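Here, each number is a calculation from the coordinates, and none is a lab measurement. In this text, all values refer to a predicted model and were calculated from it rather than measured experimentally.
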Amino acid sequence: MNLQQHTVRVRGVELSVFDSGENDHTLEKPVLLFLHGMRDVAASLFPIAAPFVDRYRIVLPELRGDGRSDSPGAYSMENFIYDLWRIQSDHIGRPSVIIAHSLGGQIASRYAAVFPEAVHSMVIMEELGPPAFPEPADEHAWLSGYRQRSLMRYAEPSAGRDLGSVAFAASRLLANNPRLDPARAKETATAVTRVDSEGRLVCAFDTHAGTVFVRADRDEGQQFWKAIQCPTMIISGDLAHEYWSGQFDNLPGFDGRYGDGEMARRAAIFPRGEHYAFHHSGHMVHYDEPQRLVSVMADFLDRHANTSTEGRHHE
């Protein structure tokens, strides 16, 4: 896949954007706009974008704080939404199909609700957030959780671990994502690392980007879901508890698993949503089942204009 990398400047922040159609005839093709998740880079989505390059113009921005984009220290959801609006209005110039993972999916969902004219249809992977947490022991427990999240997310970042080599970075990717193809891990490791000012190989993301979740509010997020007008494919990984349990390992009684029917109830909030459960995937669906992901995406893209207004569930 032949991609050109360039920069879009938003209020002084330079955002990296990869584009298959910059300055050539593919500008006339429909646009697939891919958004990666937190602590990730555009390149992790290249393998699921490549099969569509003949029919679509492929655009892959890198979120502020990740990859080659600037790390400005400001990471509210509104920052991310405005970045996306500027990328689309200044660079793409027309409605797009958005395909997004995790944090990228949360940005896309809010964006599609606020700017419905800009989103033709949408695929969101592992966007619906963690399972419901156990009821707090007392009415003030939420304050303790808020305090803990704030201290963790806003703490001064460390200098960053010296990974030493791309091979070691690939081994860490495989340790955290055991179903990831080893060859793909080597390719991705090059993209998710950078050499810092001291000549060390470190991860290419700003740990402070996690501050976007300090004030995370599930009820608020669902208000956006209700307002989304476009056809939406919702993909969840049945093994995502592996990720969520690690993210909240200090929460008593929380094993990262969704309750009976919990995921289906969330997916049903989307007016034109259809839910696909991937049984052999965790949070990184595009790592775990890329071939199936491409297949269901291709089917959705072929028929999204005629999607029924009734939601559906798929195994």
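Structural remarks
- Dimensionless Rg over Rh [the stretch 160-269; C-alpha; Kirkwood]: 1.05
- Extension gain, Arg147 to Asp299: 0.36 nm times the residue separation minus the Cα-Cα distance gives 50.3 nm.
- Helix-only [θ]222 nm of the chain, DSSP H runs n ≥ 4, -39500 (n - 2.57) each, per residue, nearest 500: -9000 deg cm²/dmol
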